[in-house]
Every structure is written in structure tokens, then in C-alpha cells.
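Novice: Supplied in C-alpha cells, the structure appears directly below.
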Amino acid sequence: AKHAGRNQIKDFNVELKYALLEKIELVKDLRNAIANNEFHLVFQPIVNRFGKVVKFEALIRWSHPTKGLIPPDQFIGYAEESGQIIMIGEWVILEAKMALEKLKGLYGEEIQVSVNVSPLQLSNSQSDSTKLLYELLTGVFSESTPNKNGLIVEITENVFMSSEEGAQQQLLNFRKHGIQVALDDFGTGYSSLAYIMNYQMDYLKIDKTFVSRLDGPESSVSLCEGMIAMAHSLGMTVVAEGVETSEQAALLCEYGCDYLQGYYYSKPKRLDEILGREVDQNVT
Ligand code: C2E
Ligand code: CA
Ligand code: CA
Ligand code: CA
């Protein structure tokens with residue numbers, strides 16, 4: 001038994017070492033990923049209660065030259081640790097802006113694109129890169145009227161955990177300039193309630209863990225109902241993410257959920273695929 005224990009520790013160390021090497025390698029590879037055109041965005045529609053597409057969420061994908069497609073959960077954390085998220089985040093916003101213009105052609109001027117923004121991108125308002133982010137975001141809407149913007153910033157409550165006043169101030173600035181803010185993954189953190197009461201945000205996104213349990217044995221119906229009612233009482237619009245069945249959609253609509261997003265409607269797709277032939281026509 002003693003021996004087995006020692007082996008376990010050895011295995012554990014080997015695994016740790018492997019994980020660390022893997023991480024170092026990925027961080028190294030991330031440095032060239034933008035220049036080598038290895039990132040692309042996919043877009044997942046967000047529909048209203050009548051099933052009409054009103055927004056898209058932009059989600060990043062990394063086509064690694066040797067490892068293949070790497071999902072964001074496997075590299076965003078590293079990019080945050082290494083600071084590369086600033087550059088990547090800028091790339092995402094520039095891409096999303098271009099996509100937004102093309103989507104307007106197909107879905108009309110009202111269509112919006114939401115981008116996921118890391119707390120680090122908001123934390124230091126003095127740095128050139130965050131200033132650029134701010135200009136990127138505000139620049140889009142300089143000619144349009146507030147609340148008629150095209151981009152939505154999705155944040156998680158981690159933004160508030162960093163005690164940085166900067167992040168909170170930037171959120172206020174965004175809204176002042178007509179950029180909408182969505183609180184992502186609502187319900188998964190610890191003190192979500194305090195944040196939504198203290199910081200005005202436009203959208204509350206109910207996390208998919210609650211949505212997936214709606215029609216399961218451990219039903220989260222009353223929880224979702226409560227979240228929707230509470231968000232509405234605070235003047236927020238509710239988006240449910242991870243909707244996979246018609247039953248989930250029906251329940252959410254019954255309780256007044258405003259917008260729905262999930263595989264039931266569509267998986268995230270590349271812009272070309274969404275725009276269909278129109279892109280081909282432009283190219284040829
Ligand atoms: P998220 O912002 O909560 O995004 C929703 C995730 O749920 C996406 O995973 C999406 O593909 C997935 N999803 C959508 N509908 C369904 C469904 O019906 N069922 C299930 N099971 N999943 C669904 P994805 O694209 O792998 O992204 C994972 C996370 O990576 C995102 O979670 C977000 O936190 C982060 N992320 C993605 N793109 C970016 C980015 O450009 N910048 C930053 N900072 N983070 C990003
Ligand atoms: Ca999101
Ligand atoms: Ca989410
Ligand atoms: Ca998430």
C-alpha cells in the first residue's frame with residue numbers, strides 16, 4: 001500500500017510536469033497565433049421569444065497548426081495568465097465589428113453582436129491596450145445614438161472581484177457611451193446578487209447549468225423563474241444560454257425570459273456559413 005502511494009505521487013508529479021510543459025508550449029504558440037491567422041470567430045444566434053434572431057454571440061476558436069482545434073476553455077485561462085488576452089481580446093473586437101457590419105446586411109441594422117471580455121481587458125484603464133479597447137468599442141458607435149449600438153460586452157462577475165476600481169469605472173463608461181453590458185454565467189459565482197444590484201447592467205445571462213436542469217429530475221424551474229423575475233425588477237433583460245430542448249425553451253418563455261440561446265436553435269457557426277452565398281458572391 002505504501003508502495004502504491006509512492007507511485008501515485010510519482011504519477012501525479014509526472015502529470016503535473018506534463019501539464020506545465022503543455023501550458024508553456026501553448027503560451028509560446030499563442031504568441032504567433034494572431035500573425036499566423038490561427039484564430040477565427042464563430043457566431044451563435046440569440047433569438048427572441050418568437051424565434052427571431054436578434055443577436056449573435058462571438059466565440060473564439062484556435063486552429064493550432066499541429067494540435068488541431070483548441071476550444072477557448074483550454075487556452076483563454078493561459079492567455080489571461082500570460083497577458084496575451086489583451087492582444088487576443090482586441091483581435092476579437094476588431095473581427096466582431098467587421099462581422100457585425102456584414103450581419104447588418106442580412107439581419108438589418110438592429111442586429112447586435114456580443115463579445116466576451118476578460119476582466120484583464122477592463123482592469124487597467126491607463127494602459128495603451130485597454131485604452132485601445134475602449135476606443136475600439138466606443139469608436140463603433142460614435143456616429144450612432146446611444147442604445148442603438150451594435151456591440152454588447154459580456155463580462156462575468158470576476159470583473160468585480162478584482163478590487164480594481166478601473167474595471168467598474170469602465171463598465172460605467174461603456175454604458176454612458178451606449179455600449180450595452182451583459183452579466184454572463186449568472187448564478188455560478190458567489191455573490192452575484194450584490195453585483196447586479198450595485199452595478200447597472202443591461203442583460204443577465206442565466207448560466208446553462210440552470211437551463212439544462214429545467215426539464216431534468218432536479219428541476220431548477222423555480223430558480224430560473226426567480227432569476228428572471230429578479231432581473232426584470234432591476235430593469236434587466238434576460239438571456240438564457242444553453243437551451244437544448246423545446247421543453248426548456250417553453251418553460252423559460254412561460255416565465256418571461258426575453259431571449260434564448262443554445263444548440264436547440266443553432267450551434268455557433270462561422271460567418272461565411274451564416275451569410276451563405278452572399279459571401280461567395282462578394283468574393284467572386
Ligand atoms: P460562455 O461565454 O459562457 O459561452 C457559452 C459556451 O456555451 C460556448 O462555449 C458555447 O459554444 C456553448 N454553448 C452554446 N449553446 C450551448 C448548448 O446548447 N449546450 C451546451 N452544452 N453548450 C452550449 P465555447 O465556445 O467553448 O466557449 C467557452 C467559454 O470560453 C465561453 O463561455 C467564454 O467564457 C470563453 N470565451 C469564448 N470566446 C471568448 C473570447 O473571445 N474572449 C474571451 N475572453 N473568452 C471567450
Ligand atoms: Ca458569454
Ligand atoms: Ca455564459
Ligand atoms: Ca462560461
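The values are calculated or read from the model by the stated rules, or taken from the named source; none is laboratory data. As the structure is a computational prediction, the values presented were derived from the model and not from experiment. All Cβ positions, glycine included, derive from the backbone under ideal geometry; neighbour counts span all protein chains shown. Keep in mind that these areas ignore ligands, DNA and RNA; they rest on the heavy atoms of the full protein, side chains included. Shrake-Rupley method; radii C 1.70, N 1.55, O 1.52, S 1.80 Å.
Novice: Scan the range 180-193 for residues that are touching an Asp or Glu at 6+ places or on another chain (Cβ under 9 Å) and either farther than 20 Å from Q112 by Cβ or not polar (S, T, N, Q) (or both) and jot them down.
Specialist: Here is the first cut: in the range 180-193, the residues touching an Asp or Glu at 6+ places or on another chain (Cβ under 9 Å) are 180-192.
Once the filter is applied, which keeps residues that are touching an Asp or Glu at 6+ places or on another chain (Cβ under 9 Å) and either farther than 20 Å from Q112 by Cβ or not polar (S, T, N, Q) (or both), the range 180-193 yields V181, A182, L183, D184, D185, F186, G187, T188, G189, Y190, S191, S192.
Novice: Please verify whether the range 213-230 includes one or more residues that are within 21 Å of the chain's Cα centre (by Cα), open to solvent by 30 Å² or more (accessible area, probe 1.4 Å) and away from ligand 3 (no atom under 16 Å from the Cβ).
Specialist: no
Novice: If I ask for residues that are open to solvent by 80 Å² or more (accessible area, probe 1.4 Å) and under 30 Å from E90 (Cα atoms), which ones from the range 1-31 would you list?
Specialist: Correct list: L20, L21, I24, K28, R31.
Novice: What number of residues in the range 194-215 are touching a strand residue (DSSP E or B) at 6+ places or on another chain (Cβ under 7 Å) and either aliphatic (A, V, I, L, M) or within 15 Å of ligand 1 (Cβ to nearest atom) (or both)?
Specialist: Adding up the residues that qualify gives 8.
Novice: Right, here's the next one. Can you find a residue that is away from ligand 2 (no atom under 16 Å from the Cβ), closer than 24 Å to L204 by Cβ, charged (D, E, K, R) and free of Cβ contacts under 8 Å to residues at least 24 places away in the same chain anywhere in the range 63-78?
Specialist: The answer is no; no qualifying residue exists.
Novice: Under the condition of being of a type in the set (S, T, Y) and open to solvent by less than 60 Å² (accessible area, probe 1.4 Å), which residue from the range 179-211 is nearest to ligand 3 (Cβ to nearest atom)?
Specialist: The qualifying residue nearest to ligand 3 (Cβ to nearest atom) is Y203.
Novice: Can you work out which of the residues in the range 103-119 that are away from ligand 2 (no atom under 16 Å from the Cβ), assigned to a helix (DSSP H, G or I) and farther than 14 Å from V42 by Cβ is least open to solvent (accessible area, probe 1.4 Å)?
Specialist: Looking at residues that are away from ligand 2 (no atom under 16 Å from the Cβ), assigned to a helix (DSSP H, G or I) and farther than 14 Å from V42 by Cβ, I get K104.
Novice: Hey, among the residues in the range 245-261 that are in contact with a helix residue (DSSP H, G or I) (Cβ under 7 Å, 6 or more places away or on another chain) and within 16 Å of ligand 3 (Cβ to nearest atom), which one's farthest from S114 (Cα to Cα)? Quick ask: steps written out before the conclusion?
Specialist: First, pick out the residues of the range 245-261 that are in contact with a helix residue (DSSP H, G or I) (Cβ under 7 Å, 6 or more places away or on another chain): 248, 251-252, 255-257, 260.
The next check asks that each one be within 16 Å of ligand 3 (Cβ to nearest atom); those that pass are 248, 252, 257, 260.
Values: Q248: 23, L252: 21, C257: 18, L260: 14 Å.
Going through the qualifying residues, I end up with Q248.
Novice: Next up: For the range 249-270, which residues satisfy the criterion of being assigned to a helix (DSSP H, G or I) and open to solvent by 70 Å² or more (accessible area, probe 1.4 Å)?
Specialist: E254 - this is the single residue of the range 249-270 that is assigned to a helix (DSSP H, G or I) and open to solvent by 70 Å² or more (accessible area, probe 1.4 Å).
Novice: If I ask for residues that are surrounded by 18 or more Cβ atoms within 10 Å (Cβ to Cβ) and assigned to a helix (DSSP H, G or I), which ones from the range 80-96 would you list? Full working, then the answer.
Specialist: If we filter the range 80-96 for residues that are surrounded by 18 or more Cβ atoms within 10 Å (Cβ to Cβ), which is where we start, we get 80, 84-86, 88-89, 92-93, 95-96.
Across the range 80-96, the qualifying residues are E80, I85, I86, I88, G89, V92, I93, E95, A96.
Novice: Checking E154 against (1) buried (at least 19 other Cβ atoms within 10 Å of the Cβ); (2) more than 16 Å from ligand 4 (Cβ to nearest atom); (3) under 19 Å from the mean Cα position of the chain (by Cα): exactly one of these is not met. Which one?
Specialist: All conditions pass for E154, except number (2).
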